[in-house]
Amino acid sequence: MKILRRATITGNGKYLPPEVMTNKDIEKIVDTSDEWIRSRTGIEKRRIAADDMTTSQMGYLAAKEALEDADLAPEDLDLIIVATVTPDMIFPATSCIIQEKLGAKNAAAFDLEAGCSGFVYGVSVAGQFISSGMYDNVLVIGVETLSRITDWEDRDTAVLFGDGAGAAVMQSTEKGGFLAYDLGADGAGQDALHVPAGGTIKPASEETVKDKLHFIRMEGNTVYKFAVKRMGKASLEVIKKAGLKREDIDLLIPHQANTRIIDAAARRLKLSSDKVYVNLPEYGNTSSASVPIALAEAKEKGLIKKGDIVVLVAFGAGLTWASAVIEWNEERG
Ligand code: UT7
């Protein structure tokens, strides 16, 4: 792949709502146990947004932090991309609501929906705008309020998800930066993870509400098998595209869905656990927010240094997958 002008990340931010829900709290709602959740998923707790918190507000707070980290004013932004499956409303785009909150009056804005792969898809889209020379300063946000579309009586899904936001500012660079991206989809798996109603196939009605069709439905095993195969494959694919080998990877930032899925990817890449960032026990699965939250946290903890090869990889509803490899070169990092 010929890249005309490289894009890189120059600022990161995150927002996690302060309200914590533990596995013990979930035991009181559905027939499950702390032991089952820990051993089958690796999750110990998750954050749940308060009733007056919104997707746009969490995205705004993460974005503000990322802009401060990049030392960039909101007016300097050319584009805002928001990856989410839990927008404030069906339309307008949540990115427009965040644009207004930030005062980013010179920025174009749109939402991108690729399930849990949304942020990594977003980074690759931002990369194309920067590489083509069309834009200089792009903000990519991954944000979810999954608690609002979770059926708290369905133990198959209630144990998994959490709320939060992560953001990254992307700009051009002379050296390093994003070296390659790999995106994919398999629409044959569309029913494995979906919200059946509220769109145009089944508009909201008394019946859809009664039948709980506005909540997440998931065939856990199907998604699990897909993820185990895809996370490793997509990481290897992007490394190859970048002309690198798996031994070159300094840090893997995988979508945080299940420690067994992450471990399988790490085994495939022959990576030791210190090269794989995991915060799933703390936050659960925050869908498109999981990779940017993990990236911001890894950076905060000093786990990423200049010159490091960092691989981002995710899978999700669609079914989709996405990976990206970046040679970390942040000037202010
Ligand atoms: O971002 C993408 C979002 N989705 C995912 O990442 C999901 C991927 N899938 C998974 O992570 C796993 O498939 C799950 C964690 C969802 C389920 O784990 P599993 O090992 O595939 O469990 P299972 O569905 O095969 O169920 C095993 C047993 C069953 O009992 P029996 O039939 O063996 O007696 C289930 O009824 O565990 C039971 N079970 C539960 N028990 C307690 C299923 N869910 C629960 C639960 N609490 N929440």
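Here are the numbers for the structure shown:
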| item | result |
| --- | --- |
| Residue, nearest to the ligand (Cβ to nearest atom), within segment 241-266, restricted to residues that are without any contact (Cβ under 8 Å) to a residue 24 or more places away in the chain and assigned to a helix (DSSP H, G or I) | Asp263 |
| Condition check for Asp151: in contact with a strand residue (DSSP E or B) (Cβ under 9 Å, 6 or more places away or on another chain), assigned to a loop (DSSP other than H, G, I, E, B) and not assigned by TED's automatic domain parsing to the domain that holds Phe226 | yes |
| Tyr135 being more than 16 Å from the ligand (Cβ to nearest atom), hydroxyl-bearing (Ser, Thr, Tyr) and under 26 Å from Glu68 (Cβ atoms) | yes |
| Candidate set from segment 257-283 (those that are polar (S, T, N, Q) and touching a Gly at 6+ places or on another chain (Cβ under 8 Å)); member that is least open to solvent (accessible area, probe 1.4 Å) | Asn258 |
| Any hit, segment 183-191, residues being assigned to a loop (DSSP other than H, G, I, E, B) and outside the structural domain of Tyr15 (by TED's automatic domain parsing) | yes |
| Looking only at segment 68-94, and only at residues there that are open to solvent by 10 Å² or more (accessible area, probe 1.4 Å) and of a type in the set (A, V, I, L, M, F, W, C), the one that is nearest to Asn329 (Cα to Cα) | Leu72 |
| Candidate set from segment 151-187 (those that are within 16 Å of the ligand (Cβ to nearest atom) and among the charged types (D, E, K, R)); member that is surrounded by the most Cβ atoms within 10 Å (Cβ to Cβ) | Asp163 |
| Counted residues, segment 284-333 - those being open to solvent by less than 10 Å² (accessible area, probe 1.4 Å), in contact with a Phe, Trp or Tyr (Cβ under 9 Å, 6 or more places away or on another chain) and in a helix (DSSP H, G or I) | 10 |
| Subset tally (residues that are more than 21 Å from Ala296 (Cα to Cα) and not charged (D, E, K, R)) for segment 227-256 | 10 |
| Filter result for Ala314 (in contact (Cβ under 8 Å) with a residue 40 or more places away in the chain and within 12 Å of the ligand (Cβ to nearest atom)) | yes |
| Among (1) of a type outside the set (Lys, Arg); (2) touching a residue at least 40 places away in the same chain (Cβ under 8 Å); (3) within 14 Å of the ligand (Cβ to nearest atom) - the single one Asn221 does not satisfy | (2) |
| Scan of segment 123-136 for residues that are crowded, with 21+ Cβ neighbours inside 10 Å and over 16 Å from Val238 (Cα atoms), ordered by number | Ala126, Ile130 |
| In segment 270-283, the residues that are touching a residue at least 40 places away in the same chain (Cβ under 8 Å) and either in a loop (DSSP other than H, G, I, E, B) or of a type in the set (A, V, I, L, M, F, W, C) (or both) | Val278, Leu280 |
| Residue check, Gly164 on the phi > 0 side of the Ramachandran plot, assigned by TED's automatic domain parsing to the domain that holds Thr94, assigned to a strand (DSSP E or B) and not hydroxyl-bearing (Ser, Thr, Tyr) | yes |
| Residue check, Asp31 within 14 Å of the ligand (Cβ to nearest atom), farther than 18 Å from Asp136 by Cα and assigned to a loop (DSSP other than H, G, I, E, B) | yes |
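Quick grid of which residues meet (1) hydroxyl-bearing (Ser, Thr, Tyr); (2) farther than 30 Å from Ala242 by Cα:
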| residue | (1), (2) |
| --- | --- |
| Glu144 | no, yes |
| Thr150 | yes, yes |
| Gly164 | no, yes |
| Phe178 | no, no |
| Tyr181 | yes, no |
| Ala185 | no, no |
| Gly189 | no, no |
| Ala197 | no, yes |
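The values are calculated or read from the model by the stated rules, or taken from the named source; none is laboratory data. Because the structure is a prediction, the values reported are computed rather than measured. When we count neighbours, we look across all protein chains shown, and the Cβ atoms used for this are built from the backbone with ideal geometry, even at glycine. Just so you know, the surface numbers come from the protein's heavy atoms only, side chains and all, with ligands and any DNA or RNA stripped out. Shrake-Rupley method; radii C 1.70, N 1.55, O 1.52, S 1.80 Å.
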